[in-house]
Amino acid sequence: MIIIKSSERCSGCHACASACPKNCIQMISDKEGFWYPRVATEQCVNCGLCERVCPIINKWNPDSTQIKNIIVAQNLNETIRINSSSGGIFTLIAEFIIDQGGVVFGAAFSDDFRSVYHICVDNKNDLEKLRGSKYVQSKIDDVFIRTKEYLDSGRMVLFTGTPCQIGGLNSFLRKDYNNLFTQDIICHGVPSPIIWEKYVEQCERKAASKMRRVFFRHKKYGWKSFSMSMEFANNTKYIRTLQEDPYIRLFFSNSCLRPSCYSCSFKTESRQADITLADFWGVQYTVSKMDDDKGTSLVIIHSEKAVNLMKSISSFIISQDIDMDAVLKYNPALIQSAQKNVHREMVFKRIASYDIEDVVNNLFPIKFKSKIKSILSKIGILNSLTKIKAIMIKAEKRLMPLSSLTTNTCELSTYEL
């Protein structure tokens with residue numbers, strides 16, 4: 001029987017509830033809105049299966065030789081790329097799976113936009129529901145069970161999710177499937193579903209209308225600006241940058257994440273997924289020719305079948321190889337957990353009674369530097385200044401005095417002299 005003694009030891013992946021042969025485990029929300037398993041002890045037969053499929057109890061040991069290739073890439077279809085969070089690579093992978101008669105599982109908003117849950121699509125038109133970031137923990141429900149049914153029937157399946165969800169799926173399946181492709185992300189952490197629901201309610205109240213669309217990473221002010229965009233039924237529109245939107249500020253303050261995210265068991269270079277997709281932050285310093293501020297993807301390929309899959313879509317992308325040192329320098333969240341904010345408990349306490357924007361402004365006031373960045377984004381010169389900064393950094397390396405360098409010739413060769 002699975003017993004969660006510490007909230008840090010459960011990612012809410014639903015593997016235990018999905019595997020229970022007696023259906024005596026329910027995933028119940030706690031006061032912060034996160035799901036944890038609750039066992040109906042009178043029905044439990046103590047088979048131990050729930051514990052055997054827990055991906056945290058049975059920690060996966062990564063193999064450092066697993067990574068096959070690392071690239072930065074962009075979808076050649078600019079419309080798809082603009083409507084994606086980063087470089088539009090997910091859409092190409094998903095379309096390939098559907099073209100083979102397969103299905104795609106991923107996170108989508110509910111009809112009222114108050115929650116996020118995993119759904120299954122089998123046509124390209126519905127991929128729009130899965131495209132784009134959702135900074136809310138998605139509920140799995142019976143999706144692992146449905147995934148197994150498709151796999152056992154011989155259908156090809158692409159399952160996308162956070163690293164802990166991929167770990168939960170693999171643990172639940174307990175066998176390898178040649179017709180299964182998994183794709184995870186570089187996850188910052190999953191915010192509370194309750195806080196997102198409250199934020200939607202408050203935004204609708206201010207707009208005096210129901211929400212009809214939301215985009216966490218709108219690119220009106222550029223890919224790097226992390227703009228939150230909302231549209232309402234009365235045609236009211238809202239768009240604010242990373243530095244302005246209270247929900248995004250709350251997310252990046254690490255004050256509303258699931259407890260397990262602060263000591264994530266899945267933060268490794270090698271992953272249980274076949275492919276890891278993410279934004280490639282640092283593109284302006286490493287592959288400047290791909291820095292147009294419209295989105296660039298980092299693609300880490302972990303398996304041979306993923307190598308073949310990427311070959312199948314290679315004619316639809318532009319890409320360049322990159323090394324892990326560059327990945328980690330600018331994307332440390334691949335291996336580092338978020339650090340818990342000292343105001344986390346206060347955030348949950350105050351948000352129960354006060355407007356989220358007021359709480360965020362009080363606890364995390366906007367700094368002058370952030371205000372300037374927001375203004376520069378909106379007038380369209382922030383990316384140009386970033387490029388100038390990247391050029392200056394490279395110039396400084398070229399002009400670095402020899403006395404500051406080591407005399408080791410192998411190390412000298414790494415500098416651009």
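The values are calculated or read from the model by the stated rules, or taken from the named source; none is laboratory data. Because the structure is a prediction, the values reported are computed rather than measured. Note: ideal-geometry Cβ built from the backbone for every residue, glycine included; neighbour counts use all protein chains shown. Side chains are part of the model used for accessible areas, which takes the heavy atoms of the whole protein and leaves out ligands, DNA and RNA. Shrake-Rupley method; radii C 1.70, N 1.55, O 1.52, S 1.80 Å.
Among the residues of the stretch 122-131, is there at least one that is in contact with a Phe, Trp or Tyr (Cβ under 7 Å, 6 or more places away or on another chain) and open to solvent by less than 30 Å² (accessible area, probe 1.4 Å)? Can you show your working first?
Just the residues of the stretch 122-131 that are in contact with a Phe, Trp or Tyr (Cβ under 7 Å, 6 or more places away or on another chain), to begin with: 131.
Those still in the list that are open to solvent by less than 30 Å² (accessible area, probe 1.4 Å) too: none.
No, there is no match, as no residue in the stretch 122-131 is in contact with a Phe, Trp or Tyr (Cβ under 7 Å, 6 or more places away or on another chain) and open to solvent by less than 30 Å² (accessible area, probe 1.4 Å).
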I'd like the full set of residues that are at pLDDT 95 or above, under 25 Å from residue 79 (Cβ atoms) and open to solvent by 50 Å² or more (accessible area, probe 1.4 Å), limited to the stretch 175-223. 185, 212, 213
Using the structure shown, decide if residue 289 is assigned to a helix (DSSP H, G or I), over 19 Å from residue 191 (Cα atoms) and modelled with pLDDT under 95. yes
Failed item in (1) part of a helix (DSSP H, G or I); (2) within 17 Å of residue 299 (Cα to Cα), with residue 79 passing the rest: (2)
Pull out all pairs, ordered by first then second residue, where Cβ-Cβ is under 9 Å, the residues are six or more apart or on different chains, the first lies in the stretch 26-46 and is under 17 Å from residue 138 (Cβ atoms) and hydroxyl-bearing (Ser, Thr, Tyr), and the second is open to solvent by 30 Å² or more (accessible area, probe 1.4 Å) and in a loop (DSSP other than H, G, I, E, B). 36/4; 36/30
Only unsatisfied item for residue 167, checking (1) more than 15 Å from the chain's Cα centre (by Cα); (2) touching a residue at least 24 places away in the same chain (Cβ under 8 Å), is (1)
Only one of 312, 303, 288, 260 is closer than 30 Å to residue 173 by Cβ, open to solvent by 50 Å² or more (accessible area, probe 1.4 Å) and touching a residue at least 40 places away in the same chain (Cβ under 8 Å); which? 312
How about the stretch 66-76: which of its residues are in a loop (DSSP other than H, G, I, E, B), within 30 Å of residue 294 (Cα to Cα) and not β-branched (Val, Ile, Thr)? 68, 76
Could you count how many residues in the stretch 229-258 are touching an Asp or Glu at 6+ places or on another chain (Cβ under 9 Å) and farther than 19 Å from residue 197 by Cβ? 2
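It is to be established whether one or more residues within the stretch 71-79 are free of Cβ contacts under 8 Å to residues at least 40 places away in the same chain and either in contact with a Ser or Thr (Cβ under 8 Å, 6 or more places away or on another chain) or within 30 Å of residue 316 (Cα to Cα) (or both). Full working, then the answer.
Applying the first criterion (free of Cβ contacts under 8 Å to residues at least 40 places away in the same chain) to the stretch 71-79 yields 79.
Keeping just the survivors that are either in contact with a Ser or Thr (Cβ under 8 Å, 6 or more places away or on another chain) or within 30 Å of residue 316 (Cα to Cα) (or both) gives 79.
Yes, that holds for at least one residue.
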Only one of (1) in contact with a Lys or Arg (Cβ under 8 Å, 6 or more places away or on another chain); (2) assigned to a loop (DSSP other than H, G, I, E, B) is not met by residue 63, so which one is it? (1)
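May I ask you to say which residue of 19, 40, 73, 15 is crowded, with 17+ Cβ neighbours inside 10 Å and over 23 Å from the mean Cα position of the chain (by Cα)?
Details: 40 fails: crowded, with 17+ Cβ neighbours inside 10 Å; 73 fails: over 23 Å from the mean Cα position of the chain (by Cα); 15 fails: over 23 Å from the mean Cα position of the chain (by Cα).
It is 19.
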Taking the stretch 199-250 and keeping residues hydrophobic (A, V, I, L, M, F, W, C), farther than 23 Å from residue 363 by Cα and within 16 Å of the chain's Cα centre (by Cα) leaves 215, 223
Please tell me if residue 226 is out of contact with any Pro (no Cβ under 8 Å at 6 or more places or on another chain), surrounded by 23 or more Cβ atoms within 10 Å (Cβ to Cβ) and among the aromatic types (Phe, Trp, Tyr). yes
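Counting only residues that are hydroxyl-bearing (Ser, Thr, Tyr) and open to solvent by 20 Å² or more (accessible area, probe 1.4 Å), how many does the stretch 263-281 have?
Initially, the stretch 263-281 is screened for residues hydroxyl-bearing (Ser, Thr, Tyr), giving 263, 265, 268, 270, 276.
Filter once more, keeping what is open to solvent by 20 Å² or more (accessible area, probe 1.4 Å): 263, 265, 268.
Qualifying residue count for the region: 3.
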Could you count how many residues in the stretch 317-357 are open to solvent by 90 Å² or more (accessible area, probe 1.4 Å) and either in contact with a Ser or Thr (Cβ under 6 Å, 6 or more places away or on another chain) or part of a helix (DSSP H, G or I) (or both)? 4
Sole miss for residue 251 among (1) free of Cβ contacts under 8 Å to residues at least 40 places away in the same chain; (2) surrounded by 20 or more Cβ atoms within 10 Å (Cβ to Cβ); (3) more than 23 Å from residue 77 (Cβ to Cβ) is condition (1)
Report yes if residue 395 is open to solvent by less than 40 Å² (accessible area, probe 1.4 Å), of a type outside the set (Ser, Thr, Tyr), at pLDDT below 95 and closer than 26 Å to residue 76 by Cβ, otherwise no. no
